[in-house]
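The values are calculated or read from the model by the stated rules, or taken from the named source; none is laboratory data. A quick note: this is a predicted structure, and the numbers were derived from the prediction, not measured. No Cβ is skipped: glycine too gets one built from the backbone with ideal geometry, and neighbour counts run over all protein chains shown. SASA here: full protein model, heavy atoms, side chains in, ligands and nucleic acids out. Shrake-Rupley method; radii C 1.70, N 1.55, O 1.52, S 1.80 Å.
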Amino acid sequence: MLSSVAEEVRLAIHSDISGSEVLYSLLSAPWLQSLLKIYECLQKFRRLPPSPYLPYASGLSDEILSNIRAVPAPSPEARQLYSLLKSPHLQALLSAHDMVAQTDYEPVLPPLPEDLPEDEEAMRIVCLVKNKQPLGATIKRDEETGEIFIARVIHGGLADRSGLLHPGDLLVEVNGNPVEGLDPEQVIQILVQSQGTILFKVIPNTPQSTKTQQPLYVRAMADYCPLQDPAIPCPDAGMVFSRGDLLEIVDQTDIHWWQARKLPNASACAGLIPSTSLLKSKQRETWWSQPFQHEHPTLRLSSLLLLLLLFPAGFRRSFRLWRRMTHRKRRQSCYSCSPNTSALSSPYEEVVSYQRRPDDPHRLIILVGPSGVGVNELRKRLIKLNPHTFQGAVPHTTRPARDGEGTGKEYNFVTKELFDYMVCNHRFLEYGEYKGHLYGTSIDAVKDVIDSGRMCVIDTEPHSILSVRNKKFKPYVIFIKPPSSERLRQTRRDARIITSCVVNRPFKDVDFEEMEDAARFMEGKYGQYFDRVIVNEELQDACMKLFNTIQLAQEGPHWIPAAWLSTED
Ligand SMILES: Nc1ncnc2c1ncn2[C@@H]1O[C@H](COP(=O)(O)OP(=O)(O)OP(=O)(O)O)[C@@H](O)[C@H]1O
């Protein structure tokens, strides 16, 4: 049929007719219609492989034939059926059908000899075609017997897909080389050097009850690089991950080395990652042996101190009013009420998929980013775009109200005593002092906005995220990132920055450098909490991206910590 298509197209090319006519006649041709019908049937059977209705069709046919023979004067239909069923072609077809239905096509093996010794072990010969891909299995030596076993089979790898090698199988030969007495490294050498087909002789492990493990979904809260880990059993089988990556843990059989895949590419071959307890102990070792490096993989403590002390514009100056203070002064008076972020807390956080229902409260939207990157500008624009939907949390202050200001609008004006009381009762997300007055964003102010049915959009220092990272607020954190150095300088050519000394001056090179350093530091230290990163290059674009991201945060499915959906408090 396909050759006749080619023929028709060839004829059409040489004749003087328009392309649409050719296409029309081609599409309405009866043979094409039949071809499509066949295709659809095949597709249907691909989805639902047919199963035999009856495994003995020949027997049924014989029964019908003898019944018809027994009838003294059969009807014309019965006579026609008789001749159909009697035809050799149909009988051969029914017999073939029965053989397939009874799966009676395997060679019948002779029975095992009765005098087989009891300790005889079955040997399995496994042939794998390597094709430059890793084998997807690791081996280990039994220290007592010196025997070499398959230690683990990597999910989705070559050995796993073959279904022929299993953990615990005893290796006898590889490509005709007996492995008895060899070191695992020597066996690996044989495997590495073998290309194409590899022949294994193994004594299969006694089948154990294979309990299918439910996959566990986690967010990595730390970075891991197998090539820098001398303890990993097979560096090539290791999986590199960074804080914030979503992982599907598919195998936890080994207490030290788990198998995981990185989402969203869950069809890929799994890789080895350290278990929670192993990674924790690795972190503890690093913590003690390299005290100045644990905070951030690329920033040493000395450079971090430099960053904090020398770069006043590096961290957020929010809450907008006390941004004019020097950074050093602010650091003495700015407090976050977040729980302690221990670098040794769990390296994996279990997550579950969550889809907000229309009557659930909105998720809290948190914007973070280095000072001057445009967090406040974007937040203001967003609220202006739709003030009925988006709202900030009204801050508290001990400053007296000015003419025209009313409590609950620009600020919640409170006494120093009340402010201190709220501080003692951990009611603030963050707070600070500016020109002798205290300012703070309270957790209740955030809750008020959410309870009113609007979307609360706040900006904070990244360490404050932890104080609202709970099931009540289910925060969605957006990191506003500066673009490349070149684009940063181009886009901010006419922009003004507010510093401690000067209100509204043009950006300088040092402002950009501080912003970039602070952005790197924030991503390195808090990246695991960021749900989305938006690069603020063109303001209008960034604003639209922010708008769309927030819509998606409220409506789309997302991975959130499992604890946020648990019924326990
Ligand atoms: N994409 C952009 N292109 C040009 N100018 C921008 C862009 N984003 C922000 N700006 C300008 O940069 C300046 C600083 O922005 P903004 O006040 O929002 O910084 P911020 O991140 O809130 O920092 P801080 O907390 O220190 O105030 C503002 O004048 C703002 O209009």
- Test Gly196 against the stated conditions and say whether it is farther than 18 Å from Ile154 by Cβ and at pLDDT below 90. yes
Looking across region 257-302 at residues that are under 17 Å from Arg219 (Cβ atoms) and assigned to a helix (DSSP H, G or I), the single one that is modelled with the highest pLDDT is Thr276
Considering region 459-488, residues that are hydrophobic (A, V, I, L, M, F, W, C) and either more than 27 Å from the chain's Cα centre (by Cα) or more than 13 Å from the ligand (Cβ to nearest atom) (or both), and then whichever is nearest to Leu552 (Cα to Cα), we arrive at Val477
Of those in region 65-97 that are in a helix (DSSP H, G or I) and polar (S, T, N, Q), the residue nearest to Pro55 (Cα to Cα) is Ser95
Given the criteria at pLDDT 50 or above and within 16 Å of the ligand (Cβ to nearest atom), does Phe319 qualify? yes
Considering region 432-444, residues that are open to solvent by 10 Å² or more (accessible area, probe 1.4 Å) and within 21 Å of Ile478 (Cα to Cα), and then whichever is nearest to the ligand (Cβ to nearest atom), we arrive at Thr441
Of the candidates Ile232, Ile255, the one satisfying the condition of being more than 25 Å from Trp559 (Cβ to Cβ), more than 22 Å from the chain's Cα centre (by Cα) and open to solvent by less than 70 Å² (accessible area, probe 1.4 Å) is Ile232
Selection from region 145-193 of residues in contact with a strand residue (DSSP E or B) (Cβ under 7 Å, 6 or more places away or on another chain), assigned to a loop (DSSP other than H, G, I, E, B) and of a type in the set (S, T, N, Q) yields Asn175
The condition of being hydrophobic (A, V, I, L, M, F, W, C) and farther than 28 Å from Ser242 by Cβ holds, among Phe473, Phe530, Phe507, only for Phe507
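Can you work out which of the residues in region 403-432 that are of a type in the set (D, E, K, R) and modelled with pLDDT under 90 is farthest from the chain's Cα centre (by Cα)?
This residue is Asp403.
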Item to complete: Would you confirm whether any residue within region 369-380 is open to solvent by less than 30 Å² (accessible area, probe 1.4 Å), assigned to a loop (DSSP other than H, G, I, E, B), modelled with pLDDT under 95 and among the polar types (S, T, N, Q)?
Response: yes
Is it the case, given these coordinates, that Leu385 is within 25 Å of His362 (Cβ to Cβ) and within 16 Å of the ligand (Cβ to nearest atom)?
yes
Of the residues in region 464-500, those that are modelled with pLDDT of 90 or more, open to solvent by 40 Å² or more (accessible area, probe 1.4 Å) and under 28 Å from Ala445 (Cα atoms) come to Arg469, Asn470, Lys471, Lys472, Lys481
Worksheet item: Is it the case that some residue within region 550-562 is more than 14 Å from Ser371 (Cβ to Cβ), surrounded by 15 or more Cβ atoms within 10 Å (Cβ to Cβ) and either within 11 Å of the ligand (Cβ to nearest atom) or among the charged types (D, E, K, R) (or both)?
Response: no
Those residues of region 476-500 which are part of a loop (DSSP other than H, G, I, E, B) and free of Cβ contacts under 8 Å to residues at least 60 places away in the same chain amount to Pro483, Ser484, Arg492, Arg493, Asp494, Ala495
(message) Can you confirm whether Val394 is at pLDDT 95 or above, outside any helix (DSSP H, G or I) and either within 16 Å of the ligand (Cβ to nearest atom) or of a type outside the set (Lys, Arg) (or both)?
(response) no
Output for Cβ contacts, cut-off 7 Å, separation at least six or different chains, first residue in a helix (DSSP H, G or I) in region 21-36, second charged (D, E, K, R), reads Leu26/Glu8
When every residue in region 522-544 that is within 12 Å of the ligand (Cβ to nearest atom) and part of a strand (DSSP E or B) is compared, the one surrounded by the fewest Cβ atoms within 10 Å (Cβ to Cβ) is Val535
Residues of region 501-521 being β-branched (Val, Ile, Thr) and either buried (at least 19 other Cβ atoms within 10 Å of the Cβ) or assigned to a helix (DSSP H, G or I) (or both), in sequence order, are Val510
Taking region 13-29 and the residues there that are at pLDDT below 70 and aliphatic (A, V, I, L, M), the one that is surrounded by the fewest Cβ atoms within 10 Å (Cβ to Cβ) would be Ile13
